[in-house]
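The values are calculated or read from the model by the stated rules, or taken from the named source; none is laboratory data. This is a predicted model, so every value here is computed, not measured. For neighbour counting, all protein chains shown are included, and Cβ atoms are generated from backbone atoms with ideal geometry for every residue, glycine included. Side chains included, ligands, DNA and RNA excluded: accessible areas come from the protein's heavy atoms. Shrake-Rupley method; radii C 1.70, N 1.55, O 1.52, S 1.80 Å.
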Amino acid sequence: QVQLVESGGGLVQTGGSLRLSCGASGTASSSNVFSVNTAKWFRQAPGKQREWVALMTPHGPTNYRESVRGRFTISADSTSNTMYLEMNNLKPEDTAVYYCNIEIHMKPYWGPGTQVSVSS
């Protein structure tokens, strides 16, 4: 089993920045879990369905939802077993609960989410 917990959400003004963190722990995790498995960030706004935001694959390749490309950066720190989502130039439409996700041996794991609110 692996447990994921997001943190770093909050309230910012349009154009502001936040860095979200996703810490991994548990008996099924390892110190480099985000380096050897594909990991993703999702978000869900009130009244809307969950949508994919960003992903990273082993050895570095990343991809982003078109609406956040150039503003968000996904990364991971193997030493602390933590994945990050650096969000810059935030817009009101970025307001949502953000969830981290990792697939280990074809099984998905999710965190409980962290709220990001961007005021207009």
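Overview of values
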| quantity | calculated |
| --- | --- |
| Pairs, first of a type in the set (Val, Ile, Thr) in the range 38-62, second open to solvent by 60 Å² or more (accessible area, probe 1.4 Å), C-beta under 9 Å, six or more apart | Thr38/Glu103; Val53/Lys40; Val53/Arg65; Val53/Ser67; Thr57/Asn63; Thr62/Thr73 |
| Residue that is farthest from Ser80 (Cα to Cα) [pool: residues in the range 29-49 that are modelled with pLDDT of 90 or more and exposed (fewer than 14 other Cβ atoms within 10 Å of the Cβ)] | Gly47 |
| Meets criteria (among the hydroxyl-bearing types (Ser, Thr, Tyr) and under 20 Å from Tyr109 (Cα atoms)) for Ser75 | yes |
| Residues of the range 68-103 classified as crowded, with 21+ Cβ neighbours inside 10 Å, in a loop (DSSP other than H, G, I, E, B) and touching an Asp or Glu at 6+ places or on another chain (Cβ under 9 Å), total | 1 |
| Boolean, Leu20 is touching a residue at least 60 places away in the same chain (Cβ under 8 Å) and exposed (fewer than 13 other Cβ atoms within 10 Å of the Cβ) | no |
| Considering residues of the range 104-114 that are open to solvent by less than 50 Å² (accessible area, probe 1.4 Å) and part of a strand (DSSP E or B) only, the residue nearest to Arg50 (Cα to Cα) | Thr114 |
